[in-house]
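**Q** Would you mind keeping the following structure in view while I ask a few things?
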Amino acid sequence: MPVSLIWLIAALALAGAEALTGDLFLLMLSGGALAAAGSSFLLDLPIWVDGVVFLLVSVLLLVGVRPALRRRLNSGAGVPDLAKALEGKNALVLDRVARHAGQVKLDGEVWTARPYNENDVFEAGDQVTVVHIDGATAVVSKVI
């Protein structure tokens, strides 16, 4: 089996293992193995030269590319919290909202609801404000 094929298999195995970790470390080693496979295929040099190519490229990728990739991946604002976006919005009471039951219409959708203050009761047709979302339940209070 040619040495370049062994390096290529190692590169694919490292890239596959990276899919399980997501740390970008094994992906950089995979790049080093891919470079060693290329040098082994193109140049007929001793195998220790392939090892040096692997080492140098891996270190360069780990030091130069990995930090920039990690910054880029971690800098995003992420997915907005949809529950936070509903806080402060007004809702229409559809079914009496009391301590353990109730429904409101919020942003065109029907939500189960409970009052923020346990003793409050809101009747159908009342306008309420969403204080926060607790799982799939809107916690509501009087319109401010």
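**Q** Hey, among LEU43, LEU29, LEU61, which residue is in contact with a Ser or Thr (Cβ under 8 Å, 6 or more places away or on another chain), not acidic (Asp, Glu) and not assigned by the TED database to the domain that holds ALA138?
**A** Details: LEU43 fails: in contact with a Ser or Thr (Cβ under 8 Å, 6 or more places away or on another chain); LEU61 fails: in contact with a Ser or Thr (Cβ under 8 Å, 6 or more places away or on another chain).
Matching residue, one of LEU43, LEU29, LEU61: LEU29.
**Q** Residues of region 113-126 being more than 16 Å from GLU87 (Cβ to Cβ) and either in contact (Cβ under 8 Å) with a residue 60 or more places away in the chain or assigned to a strand (DSSP E or B) (or both), which ones?
**A** Step one: list which residues in region 113-126 are more than 16 Å from GLU87 (Cβ to Cβ), which gives 117-126.
Scanning region 113-126 gives a single hit, PHE122.
**Q** List, please: which pairs have Cβ atoms under 7 Å, are six or more places apart or on different chains, and start with a residue in region 129-144 that is free of Cβ contacts under 8 Å to residues at least 24 places away in the same chain and end with one that is charged (D, E, K, R)?
**A** Once the first residue is free of Cβ contacts under 8 Å to residues at least 24 places away in the same chain and sits in region 129-144, no partner that is charged (D, E, K, R) comes close enough.
**Q** Sticking with this one: If we scan region 70-87, do we find a residue that is modelled with pLDDT of 90 or more and either among the aliphatic types (A, V, I, L, M) or closer than 30 Å to PHE25 by Cβ (or both)? Talk me through it step by step, then tell me what you get.
**A** Start the filter on region 70-87 by keeping residues that are modelled with pLDDT of 90 or more, which leaves none.
The answer is no, given that none of the residues of region 70-87 is modelled with pLDDT of 90 or more and either among the aliphatic types (A, V, I, L, M) or closer than 30 Å to PHE25 by Cβ (or both).
**Q** When you scan region 28-110 for helices (runs of 4 or more DSSP H) that lie fully inside it, which ones turn up with 3 or more residues that are within 23 Å of ALA13 (Cβ to Cβ)?
**A** Values: elements: 47-60, 66-74, 82-86.
Hits in region 28-110: 47-60, 66-74.
The values are calculated or read from the model by the stated rules, or taken from the named source; none is laboratory data. This structure is a prediction, so every number in the text was calculated from the model and none was measured. Cβ atoms come from the backbone with ideal geometry, glycine included; neighbour counts cover every protein chain shown.
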